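Chemist: Shown below is the structure under consideration.
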């Protein structure tokens with residue numbers, strides 16, 4: 001059964017986007033539908049709680065879940081169609097960076113809602129950071145679980161992987177102030193108006209967690225143009241602004257970048273659209289002289 005067939009009776013589907021979590025279709029009448037690749041009912045009901053909890057907490061529109069359906073092998077949510085055009089279709093590199101930094105800064109001001117203590121990330125089913133668990137322990141636990149699943153692939157691609165992974169765990173900082181971390185701030189998830197100002201932030205849930213805003217910043221600087229041959233140059237430009245404008249520590253950003261890329265290295269392994277793995281991109285970073293020096297204990 002195709003994704004479009006699962007939307008029968010909900011409107012006239014027009015494909016808008018395909019992401020790591022699902023495929024999005026315009027239905028008309030101010031609504032969109034998202035066909036979720038892996039998420040099950042309880043995870044989506046928890047996501048609705050998150051949407052409700054953050055509504056109005058940011059200076060941008062955020063998703064609102066109106067309906068939840070199961071008409072085939074996948075769960076489908078019907079949501080409001082939100083304003084704006086994807087940032088990547090309009091902005092220059094500098095304009096894109098300004099928008100992303102504005103969103104990252106805004107997210108850092110939002111206290112993590114209680115529902116995030118019950119929220120899982122990626123394809124996991126258990127909460128990422130339940131009550132009483134520190135940020136450092138939660139992040140180290142997620143990294144260790146990813147390595148337990150995909151360690152053989154990682155070790156084949158990353159020089160001296162075991163030693164680098166041990167060093168990464170050792171260098172993870174703790175952050176007592178817990179904030180809302182979106183986890184996937186991309187130029188496709190930011191919708192902007194005609195003046196290139198952010199008006200909507202989409203796609204919470206993949207790596208949304210209660211944690212350190214510096215992790216958000218480091219991840220955004222990488223994922224904004226992850227496949228570009230200039231990715232290291234682009235990250236460096238973001239890092240310079242993150243240090244100058246938002247006061248983040250440059251070394252801490254590098255540590256978090258390693259953690260983020262290790263987490264998503266195999267995120268597409270079971271992707272129904274058979275898109276490329278992030279593993280070569282992760283390996284390229286970990287094998288670079290800068291990161292090799294950083295992760296040498």
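Chemist: Residue by residue through the stretch 134-154, note down the ones that are more than 19 Å from the chain's Cα centre (by Cα) and either in contact (Cβ under 8 Å) with a residue 24 or more places away in the chain or not in a helix (DSSP H, G or I) (or both).
Modeler: Scanning the stretch 134-154 gives 134, 149, 150, 153, 154.
Chemist: Output the number of residues of the stretch 1-33 satisfying the condition of being in a loop (DSSP other than H, G, I, E, B), buried (at least 16 other Cβ atoms within 10 Å of the Cβ) and in contact (Cβ under 8 Å) with a residue 60 or more places away in the chain.
Modeler: Summing the residues that are in a loop (DSSP other than H, G, I, E, B), buried (at least 16 other Cβ atoms within 10 Å of the Cβ) and in contact (Cβ under 8 Å) with a residue 60 or more places away in the chain in the stretch 1-33 gives 5.
Chemist: Against the conditions (1) in contact with a helix residue (DSSP H, G or I) (Cβ under 8 Å, 6 or more places away or on another chain); (2) at pLDDT 95 or above; (3) surrounded by fewer than 18 Cβ atoms within 10 Å (Cβ to Cβ), where does residue 117 fall short? Just the number, please.
Modeler: So residue 117 meets the others, but not (1).
Chemist: Looking at residue 221, is it surrounded by fewer than 20 Cβ atoms within 10 Å (Cβ to Cβ) and either modelled with pLDDT of 95 or more or more than 30 Å from residue 35 (Cβ to Cβ) (or both)?
Modeler: No, not satisfied.
Residue-wise test of (1) crowded, with 17+ Cβ neighbours inside 10 Å; (2) at pLDDT 95 or above.
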site: 239; (1), (2): yes, yes
site: 243; (1), (2): no, yes
site: 257; (1), (2): yes, yes
site: 263; (1), (2): yes, yes
site: 268; (1), (2): no, no
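Chemist: Can you tell me which residue among 82, 58 is touching a residue at least 40 places away in the same chain (Cβ under 8 Å), over 25 Å from residue 264 (Cα atoms), within 18 Å of the chain's Cα centre (by Cα) and assigned to a loop (DSSP other than H, G, I, E, B)?
Modeler: Numbers: 82 fails: within 18 Å of the chain's Cα centre (by Cα).
None of the other options fit; the residue is 58.
Chemist: Search the stretch 164-184 for residues being within 14 Å of residue 262 (Cα to Cα) and in contact (Cβ under 8 Å) with a residue 40 or more places away in the chain, and hand back the single one that is surrounded by the fewest Cβ atoms within 10 Å (Cβ to Cβ).
Modeler: So the residue we want is 166.
Chemist: Follow-up question, since we're still on this one. Of the residues 94, 124, which is in a loop (DSSP other than H, G, I, E, B) and farther than 15 Å from residue 189 by Cα?
Modeler: Testing whether each residue is in a loop (DSSP other than H, G, I, E, B) and farther than 15 Å from residue 189 by Cα leaves just 124.
Chemist: Then there is this: Sort out for me the strands (runs of 3 or more DSSP E) sitting completely within the stretch 189-297 that have 1 or more residues that are assigned by TED's automatic domain parsing to the domain that holds residue 144 and over 21 Å from residue 98 (Cβ atoms).
Modeler: In the stretch 189-297, 209-211 are the strands (runs of 3 or more DSSP E) which contain 1 or more residues that are assigned by TED's automatic domain parsing to the domain that holds residue 144 and over 21 Å from residue 98 (Cβ atoms).
Chemist: Residue by residue through the stretch 26-40, note down the ones that are more than 15 Å from residue 74 (Cβ to Cβ) and touching a helix residue (DSSP H, G or I) at 6+ places or on another chain (Cβ under 9 Å).
Modeler: Hit for the stretch 26-40 is 27, nothing else.
Chemist: Quick check: is even one residue across the stretch 35-53 closer than 17 Å to residue 191 by Cβ and within 16 Å of the chain's Cα centre (by Cα)? Step through it out loud before you land on a result.
Modeler: From the stretch 35-53, those closer than 17 Å to residue 191 by Cβ are 51; that's our starting set.
Narrowing further to those that are within 16 Å of the chain's Cα centre (by Cα): 51.
Taking every residue of the stretch 35-53 in turn, at least one turns out to be closer than 17 Å to residue 191 by Cβ and within 16 Å of the chain's Cα centre (by Cα).
The values are calculated or read from the model by the stated rules, or taken from the named source; none is laboratory data. The shown structure was predicted, so the numbers you read here are calculated from the model rather than taken from an experiment. Please note: Cβ atoms are built from the backbone with ideal geometry, for glycine as well, and neighbour counts cover all protein chains shown.
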